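Single-structure report; data block below.
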Amino acid sequence: MRLRFAKNRKLMITAIVLSVPFILGDAGVLFLSQEKFGHIPQGKRLERIKQSPNYDGKQFVNEVETVTMTGDRSVFAVWKDFLFGDKSQTVPDTAMNVIKTDLPGDFARPLGPPGLPGGDGTGTSRKACGNWPRRGRAF
């Protein structure tokens with residue numbers, strides 16, 4: 001029995017090495033095909049997209065060209081400059097103006113339930129108090 005395993009060992013290792021990326025790829029496709037990641041537009045949404053002035057029939061086109069790489073430098077050169085380049089222009093020469101504002105009441109009050117971020121932390125349930133959701137909005 002030991003001999004048979006040794007004979008097919010290369011085949012087994014090859015099968016495992018080839019199947020792992022395939023299984024991971026399938027898992028990625030299944031994960032990304034969930035509804036929360038969107039779907040191909042249909043019906044009214046598709047018609048609204050076709051009416052957009054930025055849609056050229058195949059894809060959306062920015063009004064202003066967005067350049068991802070500027071100049072004739074390679075990606076490696078850009079990263080090298082970003083990580084190890086001159087850092088002298090990272091602090092402003094003069095103080096920046098800051099305008100302190102008083103946000104309207106809705107933004108100043110917590111929105112979430114108690115015990116969660118945004119809650120008032122009292123531990124009482126607003127749902128039990130009868131005023132849930134607060135101000136007509138949930139979270």
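The values are calculated or read from the model by the stated rules, or taken from the named source; none is laboratory data. Bear in mind that the values here come from a model prediction, so they are computed numbers and not experimental data. All Cβ positions, glycine included, derive from the backbone under ideal geometry; neighbour counts span all protein chains shown. For accessibility, only protein heavy atoms count, side chains too; no ligands or nucleic acids. Shrake-Rupley method; radii C 1.70, N 1.55, O 1.52, S 1.80 Å.
Taking a probe of 1.4 Å, how large is the accessible area per residue of region 7-73, in Å²?
Per residue, region 7-73 has 100 Å² of solvent-accessible surface.
Just to be sure I understand the model, the point goes 7 Å from the Cα along the line to the Cβ. What's the resulting Met69 to Ala95 distance in nm?
The two pseudo-label positions are separated by 4.4 nm.
Determine the sum of side-chain charges near Gln51: Lys and Arg each +1, Asp and Glu each -1, restricted to other residues whose C-beta is under 13 angstrom from that of Gln51.
Summing Lys/Arg as +1 and Asp/Glu as -1 gives +2.
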